[in-house]
Amino acid sequence: MDEQKIPLWRDDRFIKLAVQVLLVVAVVVVIAILANNVSVNFRRLGLNFGFSFLNNPASFGIGDTAIPYSPTDAFGKALLVGLINTLRVIVVGIILATLLGIVVGVARLSENWLVRQIATVYVEIFRNTPLLLQLFLIYTAGFLQLPPIEQALQLPGSTILSNQGLYLIWPIGSLRTGLSLAVLIGGATLGIVLWQRRLRVMELEGASGNGYQKALIGIGIVSLLALLLGLEWRTPQFENGTVTGGLHLSAEFGALLFGLVLYTAAFIAEAVRAGIQSVSQGQWEASRALGLHSSLAMRLVVFPQALRVMIPPLTSEFLNLAKNSSLAAGIAYSDFFQIAFTINNQTGRVLEVVLLIMITYLTINLLISLGMNWFNQRVQLKER
């Protein structure tokens, strides 16, 4: 006897597929309606949609540039300068905020009463005050109150600090420096590969992995020599009342970076604290029974397990940092958002500029999400 077929309107697979198709059709229809409205309004106003204006001269200066730029360059070059400035803040901010957040998160669980209370006060203050207010305070009451360049503070390590920003020692762009950087990058890549192979050999074959360990030590020595002896450094120096040489980080960049790091680290600290507390108390007790010191137990037993819980909220905080970097306009830092709206004020191309801003920040956030999702998959437990 033939089995009776399930009607399509009762087939669960067909219903799911039909719902997805209907949603796609609805999205396409909405986009088509919006595009038609924009086209009609543009024709009515006598305007043309396009990005050819990006080739016109910018005719405005940018105070903080990581690449050569002049007002005679095109709008596209100005946007590139802003994009690089934004990426500098985001990349450095994520690294520093993560390090500070981990330290504060661990301090929140410290057995030392004073350390625990200091970490708690820090978290409560920075989580419960607006970021823009913090940026104003750091910029006006902090960086702008530093001495002028003629009376700049000379810090250890050939560092100069003034109300114009921070001047740091920096490698010279020479062949020797390039080769040394290539050695450092190659050593780091090879070190990661050898470390993973060592762990695999130790786990699957029960071997000691001493050969890989010696190779890692050799790579570390070569990389250290390349860092200390290979790179050609240029120190900042006073000349005719100004500072030349080295790397200049403006006061606006410093205030924005400092504010984003302190603000985001407070949220990361809570994610770290929650992740550590999610690990069962039995793991701590087992570590103590094995004779591990509390710091070793945290580094080798508890933190790797907590990392699986921490990564999803960390991803959200990294995305928030990237989006919050657009507050740079509040302290006159020339990031992508500020330069884009300067172009909008000069050209009146509101729709095109807003689309560029949306696409840029969407791309940055998608790249951050992609990287964190990959890392999340790497640390998750895999059943055999």
Check your understanding: Filter the range 223-253 for residues that are under 25 Å from the mean Cα position of the chain (by Cα) and among the hydrophobic types (A, V, I, L, M, F, W, C); which is farthest from Phe143 (Cα to Cα)?
Key -> Leu227
**Study point:** Residues (within 28 Å of Gly330 (Cβ to Cβ), touching a Ser or Thr at 6+ places or on another chain (Cβ under 6 Å) and of a type in the set (Val, Ile, Thr)) located in the range 138-190
**Key:** Ile149
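Every residue, every condition in (1) within 30 Å of Ala58 (Cα to Cα); (2) touching a helix residue (DSSP H, G or I) at 6+ places or on another chain (Cβ under 7 Å), yes or no:
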site	(1), (2)
Gly282	no, no
Ala329	yes, yes
Glu352	yes, no
Asn373	no, no
Exercise for review: Would you check if Leu231 is more than 28 Å from Ile67 (Cβ to Cβ) and modelled with pLDDT of 80 or more?
Suggested key: no
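Conditions (1) among the small types (Gly, Ala, Ser); (2) exposed (fewer than 15 other Cβ atoms within 10 Å of the Cβ); (3) in contact (Cβ under 8 Å) with a residue 40 or more places away in the chain; (4) not assigned by TED's automatic domain parsing to the domain that holds Ala329, marked per residue:
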| position | (1), (2), (3), (4) |
| --- | --- |
| Ile62 | no, no, yes, yes |
| Ile67 | no, yes, no, yes |
| Asn85 | no, no, yes, no |
| Val89 | no, no, yes, no |
| Ala97 | yes, no, yes, no |
| Val104 | no, no, yes, no |
| Asn112 | no, yes, no, no |
| Val121 | no, yes, no, no |
Review point. What pairs can you find where one residue is in the range 141-166 and within 15 Å of Gln237 (Cβ to Cβ), the other is of a type in the set (Phe, Trp, Tyr), and their Cβ atoms are less than 6 Å apart, with a gap of 6+ or different chains?
Key: Ile160/Tyr167
Point to revise | Scope the range 134-164; condition crowded, with 18+ Cβ neighbours inside 10 Å, of a type outside the set (Val, Ile, Thr) and within 30 Å of Val123 (Cβ to Cβ); matching residues | key: Gln134, Leu135, Tyr139, Phe143, Leu146, Leu161
Check your understanding: Exactly one of (1) surrounded by 15 or more Cβ atoms within 10 Å (Cβ to Cβ); (2) under 20 Å from Gly259 (Cα atoms); (3) in contact (Cβ under 8 Å) with a residue 24 or more places away in the chain is unmet by Gly187. Its number?
Key -> (2)
Review point. With respect to the numbered conditions (1) free of Cβ contacts under 8 Å to residues at least 24 places away in the same chain; (2) within 30 Å of the chain's Cα centre (by Cα), which one is the sole condition not fulfilled by Gly220?
Key: (1)
Check your understanding: Just for the range 335-356: of the residues that are surrounded by fewer than 17 Cβ atoms within 10 Å (Cβ to Cβ) and of a type in the set (Val, Ile, Thr), which one is nearest to Pro304 (Cα to Cα)?
Key -> Val354
Check your understanding: Here is a list of conditions, (1) outside the structural domain of Leu146 (by TED's automatic domain parsing); (2) surrounded by 17 or more Cβ atoms within 10 Å (Cβ to Cβ), and Leu227 meets all of them except one; can you say which number that is?
Key -> (2)
Check your understanding: Restricting attention to the range 166-179, which residues are surrounded by 12 or more Cβ atoms within 10 Å (Cβ to Cβ), out of contact with any Asp or Glu (no Cβ under 8 Å at 6 or more places or on another chain) and not hydrophobic (A, V, I, L, M, F, W, C)?
Key -> Tyr167, Gly178
Study note, to complete from the structure: (1) surrounded by 19 or more Cβ atoms within 10 Å (Cβ to Cβ); (2) closer than 26 Å to Ile357 by Cβ all hold for Ala329 apart from (1)
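Listed here are the residues, each with its yes/no results for (1) modelled with pLDDT of 85 or more; (2) over 24 Å from Phe136 (Cα atoms); (3) in contact with a Lys or Arg (Cβ under 6 Å, 6 or more places away or on another chain).
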residue	(1), (2), (3)
Trp284	no, yes, no
Gly291	no, yes, no
Ala322	yes, no, no
Ile331	yes, no, no
Leu351	yes, yes, no
Ile359	yes, yes, no
Arg384	no, yes, no
Review point. For the range 195-203, does any single residue satisfy the condition of being surrounded by fewer than 12 Cβ atoms within 10 Å (Cβ to Cβ), assigned by TED's automatic domain parsing to the domain that holds Ile102 and not charged (D, E, K, R)?
Key: no
Exercise for review: Could you grab me the full set of residues in the range 296-312 that are of a type in the set (Lys, Arg) and at pLDDT below 85?
Suggested key: Arg299
Check your understanding: Which residues, taken from the range 33-71, are touching a helix residue (DSSP H, G or I) at 6+ places or on another chain (Cβ under 9 Å), at pLDDT 90 or above and not in a loop (DSSP other than H, G, I, E, B)?
Key -> Leu54, Asn55, Pro57
Point to revise | Single condition Ile90 does not satisfy, out of (1) farther than 16 Å from Phe337 by Cβ; (2) assigned to a helix (DSSP H, G or I); (3) among the aliphatic types (A, V, I, L, M) | key: (1)
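The values are calculated or read from the model by the stated rules, or taken from the named source; none is laboratory data. Nothing here was measured: the structure is a model prediction, and the numbers come from that model. Positions of Cβ are backbone-derived with ideal geometry, glycine not excepted, and every protein chain shown enters the neighbour counts.
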